[in-house]
Amino acid sequence: MIADAIAESLKPLNITVDEFSELVIRLLDYSVITRDKSQVEAKLYDRFVQCEALVEDYFLIMRIRLQHDIKFCFIRVFPPGATVPGMIDIDDTTFNSGFRVKPSQQDIAAILVLRVEYEKSLREGQVDEKGCVLIPLESLAISHKNLLKRPLPDSHTERLSIFKRLRQLRLIDFNIDDDLNLNDSWISIQPSITSFVSDEVLSVLYPADVSMMNKEMQDVL
């Protein structure tokens, strides 16, 4: 049985079946593990490094794809049929499933602008040792309006909801949940933003109409 084979493969690694299960469930549930995010994710990331080949084989059965960024220590999983930036597409991967949950149009718009801001800071050398870019929310709002010809949502609740979803995807980070305003809030763009928007999609942002950008972005996601 597969379970017995996995258990045998884990023995030399000193990893239990329950620990392997915890790692797999976390990846399927969150879709991403970032080592610097928390002690829990650091533990799970280190466990993944120990049994990476086994996790890949396990996911291969379901045609789930893994992206492991060794430099910035994060892992992201992609559902069957997804296009993964930097990875060769697999033939015959047509798949229809609720496992693939696409961000809303507002989320997509914010992700596009965040990717542009990350690229600009990368070219200017304004990236920290962990590959993160810190920008004021006000700058993001200005870029959002300039690039997409529409502002961020005026509603504080709606704006906060978008950024919380992007934080859950490990695309950004911020510390203030209750007072995210345009005047004095900052957002840290995580290097995993590059796994959501490929260089090909980025290249159509200058210039491109909003509908084209959204279509390209949805294809990536």
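The values are calculated or read from the model by the stated rules, or taken from the named source; none is laboratory data. Keep in mind that this is a model prediction, so the values were computed, not measured. Note: ideal-geometry Cβ built from the backbone for every residue, glycine included; neighbour counts use all protein chains shown. Quick note on the areas: whole protein, heavy atoms, side chains included, nothing else; ligands and nucleic acids left out. Shrake-Rupley method; radii C 1.70, N 1.55, O 1.52, S 1.80 Å.
Odds and ends about this structure:
- Scanning region 8-32 for residues that are without any contact (Cβ under 8 Å) to a residue 60 or more places away in the chain and β-branched (V, I, T) turns up I15, T16, V17, V24, I25.
- Residue list for region 168-217, filter: under 13 Å from C132 (Cβ atoms) and either at pLDDT below 60 or part of a helix (DSSP H, G or I) (or both): P191, S192, I193, T194
- Exclusive hit being within 26 Å of D173 (Cβ to Cβ), out of contact with any strand residue (DSSP E or B) (no Cβ under 8 Å at 6 or more places or on another chain) and among the small types (G, A, S), set A7, A42: A42
- Residue match in region 43-50 (condition: surrounded by 11 or more Cβ atoms within 10 Å (Cβ to Cβ) and modelled with pLDDT under 95): no
- Residues of region 99-131 that turn out to be touching a residue at least 24 places away in the same chain (Cβ under 8 Å), part of a helix (DSSP H, G or I) and loosely packed, with under 14 Cβ neighbours inside 10 Å, as a count: 1
- Failed item, numbered, when R76 is tested on (1) closer than 30 Å to V55 by Cβ; (2) at pLDDT below 80; (3) not hydroxyl-bearing (S, T, Y): (2)
- Restricting attention to region 24-33, the residues being touching a helix residue (DSSP H, G or I) at 6+ places or on another chain (Cβ under 7 Å) and either acidic (D, E) or open to solvent by 20 Å² or more (accessible area, probe 1.4 Å) (or both) number 1.
- Just so you know, in region 7-23 the residues that are among the β-branched types (V, I, T) and not in a helix (DSSP H, G or I) include one that is surrounded by the fewest Cβ atoms within 10 Å (Cβ to Cβ), and it is T16.
- The residues in region 132-171 that are open to solvent by 80 Å² or more (accessible area, probe 1.4 Å) and hydrophobic (A, V, I, L, M, F, W, C) can be counted, and the count is 2.
- Filtered residues of region 51-81 (kept if surrounded by fewer than 20 Cβ atoms within 10 Å (Cβ to Cβ) and at positive phi): R63, G81
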